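Enquirer: Sharing a structure, written as structure tokens. Questions coming.
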Amino acid sequence: MMRCLKRGFTLIELIVVISVIAILMSFVLPASQRALLSARKQQARAHMQQIARAYSTYYNEVGSIPDATSSVELAEKFAAEGFLNNANLFIYPGDAQAPKVLRETIFPVRNGHAWESNKELSVVLVGNIVKNVNPATTPIAYTRGIEGNRWGENAPYGSRGGFIAFLDGNVRWYTDLAQDEGQLTTEESCSADLKHVIELSGGRALSPKTPH
């Protein structure tokens, strides 16, 4: 009686199968990474939009934006008055350099701050904005890590770029302030210098570092 012998894979066949899988993965992984990055950017944009809306409401009610020694202090001032009391808004999804959120609400401040100490928030807040500025051209918050007219490798999205939010509630993605169409507009011209545009409103960019 004849027996059927089961033949296994040869070494060459295994190499071919592994190579095909590797080729397929080289297409699938970048696509999934792009999809993940896009989803995280959409979440970060939503955070910035909430921050911008709160700034706009506060400014319309009070007529100016208070000063502070840091972004954390200004966030706590807003939260104490019923604005932006969600600690997660200041942390971008996937930002490995950002602090952990220790509690959901910022105010009241009990036994320390809402974030892990000695780290940097994903967002830089602008304080000390004076009365009668143009809301459409006044930056109020931006993605941490800008160096000159571009974002550096330590920014939440590296050199890909970052968001800038304006007092009128608009949030825009930039990659290079010297090259992007439109740049940053002022009452007189366009500028690639974010710090200069902030200073035109009397504003001051506040350190995103969390206290020790």
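Computed from the coordinates by the stated procedures, all read-outs in this text should not be read as laboratory data. Note that this is a predicted model, so its numbers are computed, not measured. All Cβ positions, even for glycine, are placed from backbone atoms using ideal geometry, and neighbour counts span all protein chains on display.
Enquirer: At a Cα cut-off below 27 Å, give the lysines reachable from residue 195, other chains included and same-chain residues fewer than 8 away excluded.
Expert: 41, 77, 119, 131, 209
Enquirer: Against the longest principal axis of the chain, how steep is helix 11-62, in degrees 0 to 90 to the nearest 10, with axes from Cα atoms?
Expert: Result, in degrees: 10.
Enquirer: While we're looking at this one, here's another question. Hey, what's the per residue convex hull volume over the C-alpha atoms of segment 75-150, in cubic angstrom?
Expert: Working: hull volume 9.7 nm³, N = 76.
Expressed per residue, the convex hull around the Cα atoms of segment 75-150 is 128 Å³.
Enquirer: Can I ask one more? What is the set of long-range amide H partners of residue 120 at a cut-off below 5 Å, with H atoms built 1.01 Å from backbone N?
Expert: 210
Enquirer: Just need the relative contact order of the chain here, percent rounded to a whole number, with Cα pairs under 8 Å and 6+ apart.
Expert: Numbers: 358 pairs, mean separation 45.5, N = 212.
So the answer I get is 21 percent.
Enquirer: Of (1) 98, 46, 26; (2) 56, 30, 29; (3) 83, 71, 28, which is the value of Cα extents along the principal axes in Å derived from the coordinates here?
Expert: Here the calculated entry is (1).
Enquirer: Something else: Work out which GluC sites (Glu not before Pro) in the chain are exposed loop sites (DSSP not H, G, I, E or B, at most 11 other Cβ within 10 Å) and give the longest gap free of them.
Expert: On the way: sites that count: 104, 153, 181, 187, 188.
Within the chain, the longest run free of exposed GluC sites (Glu not before Pro) spans 1-103.
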